[in-house]
Amino acid sequence: MNVFIDSNILFEDYFFENKSNKNLLEYCKEGLLYLYMSEIVRLELRRQFQKELESKNTIVWYKLLLILTMISHFCMVWLF
């Protein structure tokens with residue numbers, strides 16, 4: 001059976017980790033199902049995934065900067 005997937009199937013589950021998406025992959029492995037997606041859907045998913053990574057990366061960098069600031073302040077206090 002041929003199944004065309006849309007981006008809403010994979011938003012927030014890019015790696016097929018939830019049960020229904022895992023089942024889709026299992027059916028593909030067994031040769032019962034063939035998954036297809038259009039180029040537009042692929043680009044949509046890529047853009048969304050990239051936005052999520054950038055957002056998370058910004059948060060990580062902010063926390064790192066905060067920690068480094070706290071450490072530098074702590075070190076300055078101990079140096080004096």
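Rule-based calculations on the coordinates, nothing more; no lab input. All of these numbers come straight from a predicted model, not from anything done at the bench. Every residue, glycine among them, receives a Cβ derived from its backbone with ideal geometry; neighbour counts consider all protein chains shown.
Taking a straight line from the alpha carbon of residue 51, these lysines sit under 26 Å away, with near neighbours fewer than eight places off in the same chain left out: 19, 22, 63. Here the Karplus relation 6.51 cos²θ - 1.76 cosθ + 1.60, evaluated at θ = phi - 60°, turns the backbone of segment 15-21 into coupling constants of 10, 6, 9, 6, 4, 5, 5 Hz, with x for every Gly and Pro.
Sorted ascending by nearby beta carbons within 10 Å, beginning with the fewest, 38, 7 become 38, 7.
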